[in-house]
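Have a look at the structure below, then the notes.
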Amino acid sequence: MFSKRPLSVLLISTLSMIIAFSVWSVFAPIAADIQVMYSLTNAEKSILIATPVLLGSLMRIPMGILTDRFGGRKVYSLTMLALLLPTVCAGFTHSYTMLLFWAFFIGMAGTTFAISITYVSKWYSTQKQGFILGIAGMGNLGSAVASFSIPLIFSSFGLPWVFWSLAIAVALMALLLWVGTSDHPSAASPKTLQESLSVLKFKETWFLSVFYFLTFGGFVTFSIYLPTILHDQFNASTVDSGLKTAVFVVLATFVRPLGGYLSDVFGAKKVLTFVFTGMLLIGLFIAFTITSFSLFSVGCLLAAITLGIGNGAVFKMVPSVSTGNIGAVTGIVGAFGGVGGFFPPIVLGFIKDTSGDYVVGFSLLALFALFCLLLNYSGFKKQDVRINQKHLA
């Protein structure tokens with residue numbers, strides 16, 4: 001049956017993640033409007049934007065393990081169904097506190113990344129996984145869908161229908177996942193929690209987690225906080241900010257498979273050296289040119305390309321850490337990446353409130369990129385060589 005073919009799993013999983021990431025990113029495009037509705041400070045607005053990222057990050061670990069244990073079809077479908085409750089209920093809220101409450105549970109949408117990557121990886125050989133997982137990661141496009149569609153829905157139908165329209169899409173995708181995909185016929189026998197968490201003893205798991213904290217965390221930070229910066233710094237409208245942010249997300253997402261492909265060919269260590277050096281320079285460039293819209297835009301576009309390539313390169317290496325525990329490694333690395341998108345928006349909000357600009361925030365980005373560059377150079381040589389030899393074999 002077609003539903004058992006790897007291509008159907010790849011396409012439906014990716015489409016489902018696009019919808020889920022639209023839900024995960026729902027607050028960012030209209031944060032300025034919500035701030036006016038509830039008279040929020042910059043810090044309160046930042047907390048609302050970042051709250052879904054928290055649960056969506058931390059829960060990636062158990063969801064990756066559950067996908068290994070019970071199969072992607074079941075776990076993915078049930079996760080999408082579980083999203084219906086907070087998404088529908090958010091449409092009935094009339095206070096910042098309750099919106100924040102449901103925002104936390106909406107964060108479950110972010111766990112679909114760990115589910116999708118684990119699910120898809122079982123259908124493809126290691127030699128192809130750099131490119132294939134890059135395609136699966138294109139579910140990040142959901143952030144772009146949210147950036148340009150959410151402001152339009154909000155302006156046309158109001159805040160409740162922002163959530164209810166997403167709920168309809170989620171329900172349809174849950175049905176498509178259940179009827180259109182199946183689990184891999186040679187799925188491994190269920191592992192205990194201790195066996196799954198054994199990947200924590202590998203230093204490669206921790207290195208990749210730190211790297212993904214920068215690459216995916218940077219992607220999430222830009223995709224959910226860029227509308228706020230454009231509004232605060234350049235007085236851009238909600239719709240205009242959403243469209244510009246969508247360009248960033250689309251560019252970063254479409255180059256992700258390129259990062260995986262380049263890692264297949266040249267090795268992830270070389271690609272990541274380029275990525276971390278680039279982000280070091282880009283962070284400094286943005287920090288000191290942020291008053292110029294043209295230069296800031298150039299910096300953001302360069303960041304989109306660099307972070308997208310970095311995301312693909314990191315997940316090229318994930319399946320080789322422990323081939324029998326891909327879900328666990330994916331969950332842990334993905335969780336760190338998500339957390340990397342949780343703290344920076346809050347920090348940027350506090351920095352804006354206290355200093356009046358974002359210079360310190362982007363300087364910290366450059367400093368962390370330097371740390372990753374040094375870690376990649378000094379501590380990750382052997383693992384990358386092993387992957388290259390495996391690829392050449």
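The values are calculated or read from the model by the stated rules, or taken from the named source; none is laboratory data. For clarity, every value in this text was computed on a predicted model and none was experimentally measured. Here the Cβ is made from the backbone with ideal geometry for all residues, glycine too, and neighbour counts use every protein chain on show. These area figures cover heavy atoms from the full protein model, side chains too; ligands, DNA and RNA do not enter into them. Shrake-Rupley method; radii C 1.70, N 1.55, O 1.52, S 1.80 Å.
Observations
- A search for C-beta distances below 9 Å between a residue of segment 58-70 that is modelled with pLDDT under 85 and any residue that is of a type in the set (D, E, K, R) and open to solvent by 50 Å² or more (accessible area, probe 1.4 Å), counting only pairs 6+ apart in sequence or on different chains, returns Ile65/Lys191; Asp68/Lys122; Asp68/Lys191; Arg69/Lys191.
- Within segment 130-162, tally of residues that are open to solvent by 10 Å² or more (accessible area, probe 1.4 Å) and modelled with pLDDT under 75: 2
- Against the numbered list (1) surrounded by 24 or more Cβ atoms within 10 Å (Cβ to Cβ); (2) out of contact with any Phe, Trp or Tyr (no Cβ under 8 Å at 6 or more places or on another chain), Leu81 comes up short only at (1).
A quick yes/no check of all residues on (1) over 21 Å from Thr228 (Cβ atoms); (2) open to solvent by 10 Å² or more (accessible area, probe 1.4 Å); (3) touching a residue at least 60 places away in the same chain (Cβ under 8 Å); (4) not in a helix (DSSP H, G or I):
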residue	(1), (2), (3), (4)
Phe276	yes, no, yes, no
Leu284	yes, yes, yes, no
Ala287	no, no, yes, no
Ser294	no, yes, no, no
Leu301	no, yes, no, no
Ala304	no, no, yes, no
Leu307	no, no, yes, no
Phe315	yes, no, yes, no
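- The residues in segment 336-350 that are farther than 24 Å from Phe207 by Cα, open to solvent by less than 30 Å² (accessible area, probe 1.4 Å) and not aliphatic (A, V, I, L, M) can be counted, and the count is 1.
- Meets criteria (surrounded by fewer than 19 Cβ atoms within 10 Å (Cβ to Cβ) and farther than 26 Å from Ser116 by Cβ) for Leu280: no
- Filtered by the rule that a residue be open to solvent by 50 Å² or more (accessible area, probe 1.4 Å) and aliphatic (A, V, I, L, M), segment 84-103 gives Leu85, Val88, Met98.
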